[in-house]
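*Asks:* Here it is, the structure in full.
The values are calculated or read from the model by the stated rules, or taken from the named source; none is laboratory data. This structure is a prediction, so every number in the text was calculated from the model and none was measured. A quick note on method: Cβ atoms are made from the backbone with ideal geometry, for glycine too, and the neighbour counts reach across all protein chains shown.
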Amino acid sequence: MYIKKEHILAWLKDCAEIFVEQRDFLTQLDTDIGDADHGLNMNRGFERVAEKIPSIEKQDISTIMKTTGMTLLSSIGGASGPLYGTFYIRAAGVVTGKEKLNLEELVAMLTAGVEGVVSRGRAKIGDKTMCDVWWPVVDAGNAAIKLGLPLEKALELMVQAAEEGVIATIEMQAKKGRASYLGKRSIGHQDPGATSSMMMVQSLQRIVSA
Ligand code: ADP
Ligand code: MG
Ligand code: MG
C-alpha cells in the first residue's frame, strides 16, 4: 500500500473543498482568540492551490508539494501563510523525484514539514498551535512503523492523534501567535490552526482509504 501521486493531488483538491465548507467554522474559532480570518485564509490559500493543480499534475510529489507551499506562502497573509507554506516546502524537500510514498516516507515528509514550522515559528509542544497536532500525528506514524502496521491503519491512528491534539489545545494557554496576546483568556478555546491541520490529516486518511 502506497500513497500515490494521485492521492496527493486528490488530497489537495479535497482540502480546497473542506476549507470552503469549514471556512466559517475556522473563522469563528479565530474570532474567539484571534482576528477572525483563519477560515478566510485557508479558503483563499487552497483555492489558489486547486487552481494550480492542472499545471502541476504531471510533476512528481515533491514538485506538487513545493508548488503548494509557494502558493500558500504568496496567497495567505498573517501567520498561517508562512507557516503552512514552510510546512509544504520543507515536506517537499525530502520526497524529491517520488511518484509514491510508503508509510516511512510519509512520516519523514510530515516530520520535515513540522520541523520547518518550528524553525519558522519556534512553537513548542503545548503552546497551542498547529504543532500540537502535527507532532502527535508524527508520533503516531512512528509508533505505527515500529509496530509494522499497514499504511491504512497507521493513517487511522494518525487521525486519532490529530483529533486528540486539537481537543488538547482547548485547555492550553497560547504562547505563540495572536492568541498569546490574550494570556490566560486564551484558555478554553480550540486553536484554529490546530483545527485546520487536523482537517488536512482527516482528509488524507479519507482519500487514501477510499
Ligand atoms: P493570523 O494569526 O496571522 O491571523 P491565522 O489566523 O491564519 O493567522 O492562523 C492562526 C494560527 O496559526 C493559530 O491558530 C496557530 O495554530 C498558528 N500559529 C500562530 N503562530 C504560530 C507559531 N509560531 N507556530 C506554529 N503555529 C502558529
Ligand atoms: Mg487570524
Ligand atoms: Mg490575520
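*Asks:* Is there a residue in region 148-171 that is of a type in the set (Ser, Thr, Tyr), under 21 Å from residue 22 (Cα atoms) and either surrounded by fewer than 15 Cβ atoms within 10 Å (Cβ to Cβ) or touching a residue at least 60 places away in the same chain (Cβ under 8 Å) (or both)?
*Replies:* There is no residue in region 148-171 that is of a type in the set (Ser, Thr, Tyr), under 21 Å from residue 22 (Cα atoms) and either surrounded by fewer than 15 Cβ atoms within 10 Å (Cβ to Cβ) or touching a residue at least 60 places away in the same chain (Cβ under 8 Å) (or both).
*Asks:* Checking the condition of a type in the set (A, V, I, L, M, F, W, C) and within 12 Å of the chain's Cα centre (by Cα), which residue from 36, 91 passes?
*Replies:* 91
Here is a yes/no grid of residues against (1) in contact (Cβ under 8 Å) with a residue 12 or more places away in the chain; (2) over 19 Å from residue 69 (Cβ atoms); (3) surrounded by fewer than 22 Cβ atoms within 10 Å (Cβ to Cβ):
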residue: 100; (1), (2), (3): yes, yes, yes
residue: 106; (1), (2), (3): yes, no, no
residue: 113; (1), (2), (3): yes, no, no
residue: 119; (1), (2), (3): yes, no, yes
residue: 123; (1), (2), (3): yes, no, no
residue: 126; (1), (2), (3): yes, yes, yes
residue: 129; (1), (2), (3): yes, no, no
residue: 133; (1), (2), (3): yes, no, no
residue: 140; (1), (2), (3): yes, yes, no
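*Asks:* Let me ask something additional. Which count do you get for residues in region 84-119 that are among the hydroxyl-bearing types (Ser, Thr, Tyr) and in contact with a Gly (Cβ under 6 Å, 6 or more places away or on another chain)?
*Replies:* Final tally of qualifying residues: 2.
*Asks:* Further, regarding this structure: For residue 16, only one of the following conditions fails: (1) within 15 Å of ligand 3 (Cβ to nearest atom); (2) closer than 16 Å to residue 197 by Cα; (3) small (Gly, Ala, Ser). What is its number?
*Replies:* (1)
*Asks:* Tell me which residues, restricted to region 84-126, are more than 16 Å from ligand 2 (Cβ to nearest atom) and of a type in the set (Ser, Thr, Tyr).
*Replies:* Result: 86, 88, 96, 111, 119.
*Asks:* What's the total number of residues in region 67-78 that are modelled with pLDDT of 95 or more and surrounded by fewer than 22 Cβ atoms within 10 Å (Cβ to Cβ)?
*Replies:* Qualifying residue count, region 67-78: 5.
*Asks:* Have a look at 56, 33 and point out the one that is away from ligand 1 (no atom under 12 Å from the Cβ) and either in contact with a strand residue (DSSP E or B) (Cβ under 9 Å, 6 or more places away or on another chain) or at pLDDT 95 or above (or both). Full working, then the answer.
*Replies:* On the way: 33 fails: away from ligand 1 (no atom under 12 Å from the Cβ).
Being away from ligand 1 (no atom under 12 Å from the Cβ) and either in contact with a strand residue (DSSP E or B) (Cβ under 9 Å, 6 or more places away or on another chain) or at pLDDT 95 or above (or both) holds for just one of 56, 33, which is 56.
*Asks:* Quick one: which helices (runs of 4 or more DSSP H) sit completely within region 1-56 and have at least 2 residues that are surrounded by fewer than 18 Cβ atoms within 10 Å (Cβ to Cβ) and away from ligand 2 (no atom under 16 Å from the Cβ)?
*Replies:* Once the helices (runs of 4 or more DSSP H) in region 1-56 are filtered for at least 2 residues that are surrounded by fewer than 18 Cβ atoms within 10 Å (Cβ to Cβ) and away from ligand 2 (no atom under 16 Å from the Cβ), what remains is 5-21, 38-56.
*Asks:* Select from region 155-193 the residues that are within 16 Å of ligand 3 (Cβ to nearest atom), in contact with a Leu (Cβ under 9 Å, 6 or more places away or on another chain) and in a helix (DSSP H, G or I) and list them in ascending order.
*Replies:* Selection gives 192, 193.
*Asks:* Against the condition on the phi < 0 side of the Ramachandran plot and within 16 Å of ligand 2 (Cβ to nearest atom), how does residue 64 come out, does it pass?
*Replies:* No; evaluated as a whole, the condition is false for this residue.
*Asks:* Name the residue, out of 37, 30, that is within 13 Å of ligand 3 (Cβ to nearest atom), touching a Ser or Thr at 6+ places or on another chain (Cβ under 7 Å), within 30 Å of residue 185 (Cα to Cα) and of a type outside the set (S, T, N, Q).
*Replies:* 37
*Asks:* Go through region 73-108 and give me each residue that's more than 16 Å from ligand 3 (Cβ to nearest atom), out of contact with any Ser or Thr (no Cβ under 9 Å at 6 or more places or on another chain) and either under 22 Å from residue 19 (Cβ atoms) or not polar (S, T, N, Q) (or both).
*Replies:* 99, 100, 101, 103, 104, 105, 106, 107, 108 - these are the residues of region 73-108 that are more than 16 Å from ligand 3 (Cβ to nearest atom), out of contact with any Ser or Thr (no Cβ under 9 Å at 6 or more places or on another chain) and either under 22 Å from residue 19 (Cβ atoms) or not polar (S, T, N, Q) (or both).
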